[in-house]
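The values are calculated or read from the model by the stated rules, or taken from the named source; none is laboratory data. Everything quoted here is computed from the prediction, not taken from an experiment. Here the Cβ positions follow ideal geometry from the backbone for every residue, glycine too, while neighbour counts run over all protein chains shown.
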Amino acid sequence: MKRFVSLGTLVLALAVFGPTCWAEDKPVDLKTLEAAKITLEKALEVAGAQGKPISAKFEIEEGKLQLSVYTAKAGKFSEVLVDYLTGSVAKVEPITEGDDLKEARAQDAAMREAKTSLADATRKALAENAGSRAVSVVPSMQGGRAVAAVTLAGAQGAKTVSEALQ
C-alpha cells in the first residue's frame, strides 16, 4: 500500500507540475512561431532603440513564448523583451551578473569585430533557407572572425547555420 501511495503522489505531482516543467524545455519550432506576429529580425530593429543588439532569441519561459534581445550600450547590458504580437518593447531588464552577463560580454566582444548586423545575417540565412523562420541569432568569435549562429525552424525541423559577420 505504501508503494501505491508514493506512486499516486508521483502521478499527482506530474499531473499538476509536469506540463509546466515540460513546456519550459520544449524547443521553439515552426508551429510555436505561428503565434508570433513579429519576426526575430524586426525585434532586433525594435530593441536597437535600447542599445546595439548583441543576440536575440525566441524561447519558452515559464511555459510561455517570449522574444528576448540582449543589447549593449555604454558598457552596460540589457535584456529587452519585445512583445511578439505588437512589436513594442514590453520590458527592459539590466544584465548585471551570472551567466547572462558572461554571455553578454562575449557576444558584445564578437559584435565589436562585426561589420554586418545580426539582422542582416539573419536575413541572409533566411534567404538561403526558404520557408524557415529565425528562432535565434548568437554571435561568437571563431578563428579570429566574428560569426553568427542562426537557428532556423522549418518544415523539416530546426537547424543552425553559420553566417560570417565580416
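For the structure I just gave you, tell me whether GLU62 is farther than 13 Å from LEU118 by Cα and in contact (Cβ under 8 Å) with a residue 40 or more places away in the chain. Judged against the criteria, GLU62 is a match.
Working carefully through the options ALA130, ALA110, find the one that is among the hydrophobic types (A, V, I, L, M, F, W, C) and surrounded by fewer than 16 Cβ atoms within 10 Å (Cβ to Cβ). Spell out the reasoning first.
On the way: ALA110 fails: surrounded by fewer than 16 Cβ atoms within 10 Å (Cβ to Cβ).
Going through ALA130, ALA110 in turn, the sole match is ALA130.
When the criteria are applied in full, SER88 meets the requirement of being out of contact with any Gly (no Cβ under 8 Å at 6 or more places or on another chain) and either of a type outside the set (Ser, Thr, Tyr) or in contact (Cβ under 8 Å) with a residue 40 or more places away in the chain (or both).
No other residue among GLU103, GLU93, GLU163 is within 17 Å of LYS57 (Cβ to Cβ) and within 13 Å of the chain's Cα centre (by Cα) apart from GLU103. Residues considered: GLU79, GLU103. Of these, the only one that is crowded, with 16+ Cβ neighbours inside 10 Å, farther than 16 Å from GLU41 by Cβ and either touching a residue at least 24 places away in the same chain (Cβ under 8 Å) or not charged (D, E, K, R) (or both) is GLU103. Condition test on ALA110, is it under 17 Å from LYS42 (Cβ atoms) and either among the polar types (S, T, N, Q) or part of a helix (DSSP H, G or I) (or both)? No, not satisfied. Within region 138-147, at least one residue is under 16 Å from the mean Cα position of the chain (by Cα), closer than 18 Å to GLU59 by Cα and in contact (Cβ under 8 Å) with a residue 40 or more places away in the chain. Filtered by the rule that a residue be among the charged types (D, E, K, R), under 18 Å from the mean Cα position of the chain (by Cα), in a helix (DSSP H, G or I) and at pLDDT below 95, region 1-60 gives GLU24, ASP25, LYS31. Taking the criterion of being assigned to a loop (DSSP other than H, G, I, E, B) and surrounded by 17 or more Cβ atoms within 10 Å (Cβ to Cβ), the only residue of region 133-166 that qualifies is LEU165.
Applying a threshold of 9 Å to beta carbon distances and a minimum spacing of six or more residues, or different chains, the list of pairs starting in region 17-46 at a residue that is farther than 30 Å from MET111 by Cβ and ending at one that is modelled with pLDDT under 90 and assigned to a helix (DSSP H, G or I) reads CYS21/LEU14. Whether a residue is among the aliphatic types (A, V, I, L, M), assigned to a strand (DSSP E or B) and more than 16 Å from SER136 (Cβ to Cβ) was assessed, and VAL69 does not pass this test.
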